[in-house]
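First up is the structure itself, then whatever we jot down about it.
The values are calculated or read from the model by the stated rules, or taken from the named source; none is laboratory data. None of the values given here were measured: they were computed from a predicted structure. Virtual Cβ from ideal backbone geometry, glycine too; neighbours counted across all protein chains shown.
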Amino acid sequence: MSLPPLESRPCGGRYTDLVDAIGNTPLVELRRLSPKPGVRIWAKLESQNPTGSVKDRVAKALIEDAEERGLIKPGQTILEPTSGNTGIALAMICSRKGYRLKVVMPDNVTPERTQLLKMYGAEIVYSPGDQGSNGAVAMAVEMAAADASYYMPYQYGNAANPRAHYDGTAREILDELDGQVDAFVAGLGTGGTLMGHARRFKEELGDRVKIVAAEPMQGEPVQGLRSLDDGFIPPIIDLALLDRKIFVANRDAIVWTRKLLDEEGLFAGVSSGAIARVAHRIAGEMDEGNVVFIVCDDGWKYLSSGLYTLPVDEVEQLESTLWW
């Protein structure tokens, strides 16, 4: 299968507010990473959103949905559990719209995430790091139950989360590739990215497109992703929409994050490395076609890890305990 060359489009546009600039991110072909001439690997650069992650789309959808339904009013406090990116996106949007924000976040996230949240004026409540994002969810739910003044969008169970991708990211990918999508790979986190794309792609392309989840092995702490074996399945996830789940180790995520940087110049976060590893595996099983994966965020939030400057042979020897 071959596609006509795509016309590059100029970036940007003209917007009345930074929140309106969310979305319409670039789709870039990664030719050096493709294992076969007939297979094209495409990276959807969600790192190009205003706060540097795919969660800008979700945060915007969560807040605008609540506004439309009259669930929040100016000055109210928004409460949300997060591993970082959703909180950062919410913090920027809340600061623009006049809401206070309190986030519950594991205490072992990288310091850059804490700094970004404080920069946008968010209040942080830390949950035990060894409990991961599940611990943050449990603490936030308890806090919301104890104080009715909070509004918790709850990205894990809010239909506005996958809808942001159904109406936005998935539509953009279909337009950019003229509907020629053979496999789509995203990380298993809240489930919003996978579910939104799966519903849109399956409706328009049927079973010709395969929806693949990159899932961490149980006990492997790939930030931003979750293992369903840890006991919490977000309510918005419908496993029947997935064609495959492929396990990925933290070491794979680290090594492939460096591959994206060293071979393609992509400065991406660690979950994107995990997703790229799975996308490459899927591409290796195909003879031709388009594989699309999501670059969830940029690498600025992970600089303190040392991942991006260590020699490659030292990166491959790193233990996961060094990272989180």
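Quick check on GLU67: is it over 25 Å from VAL270 (Cα atoms) and of a type in the set (Asp, Glu)? In short, yes. Taking the condition of being over 28 Å from MET105 (Cα atoms) and either assigned to a loop (DSSP other than H, G, I, E, B) or not acidic (Asp, Glu) (or both), how many residues in segment 199-213 meet it? Going through segment 199-213 one residue at a time, the tally reaches 10.
Segment 89-188 holds helices (runs of 4 or more DSSP H) entirely within its bounds, and those carrying 1 or more residues that are closer than 23 Å to GLN223 by Cα, at pLDDT below 95 and under 20 Å from the mean Cα position of the chain (by Cα) map to 111-119, 132-146.
Selection of segment 31-66 for residues being under 25 Å from GLU288 (Cα atoms) and either part of a loop (DSSP other than H, G, I, E, B) or without any contact (Cβ under 8 Å) to a residue 60 or more places away in the chain (or both) yields ARG31, SER34, PRO35, LYS36, PRO37, GLY38.
Residues in segment 67-88 that are of a type in the set (Ser, Thr, Tyr) and assigned to a loop (DSSP other than H, G, I, E, B): THR82, SER83.
Across segment 39-98, the qualifying residues are those that are of a type in the set (Asp, Glu) and buried (at least 24 other Cβ atoms within 10 Å of the Cβ), and the one among them that is farthest from CYS296 (Cα to Cα) is GLU80. On the given criteria, is GLU203 exposed (fewer than 14 other Cβ atoms within 10 Å of the Cβ), within 27 Å of ASN49 (Cβ to Cβ) and more than 14 Å from the chain's Cα centre (by Cα)? Yes; evaluated as a whole, the condition is true for this residue.
Okay, residues lined up against (1) in contact with a strand residue (DSSP E or B) (Cβ under 7 Å, 6 or more places away or on another chain); (2) farther than 21 Å from MET139 by Cβ:
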site: TRP42; (1), (2): yes, yes
site: SER47; (1), (2): yes, yes
site: PRO50; (1), (2): no, yes
site: ILE63; (1), (2): no, yes
site: PRO81; (1), (2): yes, no
site: ASN85; (1), (2): yes, no
site: ILE93; (1), (2): no, yes
site: TYR99; (1), (2): yes, no
site: GLU112; (1), (2): no, yes
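The single condition from (1) touching a residue at least 60 places away in the same chain (Cβ under 8 Å); (2) surrounded by fewer than 21 Cβ atoms within 10 Å (Cβ to Cβ); (3) of a type in the set (D, E, K, R) that ASP297 fails is (2). Kindly indicate which of ALA186, ALA138 is assigned by TED's automatic domain parsing to the domain that holds GLU64, among the aliphatic types (A, V, I, L, M) and either out of contact with any Gly (no Cβ under 6 Å at 6 or more places or on another chain) or within 25 Å of LYS60 (Cβ to Cβ) (or both). Criteria check complete, one pass: ALA138. Is segment 166-180 home to any residue that is more than 30 Å from ILE78 (Cα to Cα), surrounded by 21 or more Cβ atoms within 10 Å (Cβ to Cβ) and of a type outside the set (Phe, Trp, Tyr)? Among the residues of segment 166-180, at least one is more than 30 Å from ILE78 (Cα to Cα), surrounded by 21 or more Cβ atoms within 10 Å (Cβ to Cβ) and of a type outside the set (Phe, Trp, Tyr), which makes the answer yes.
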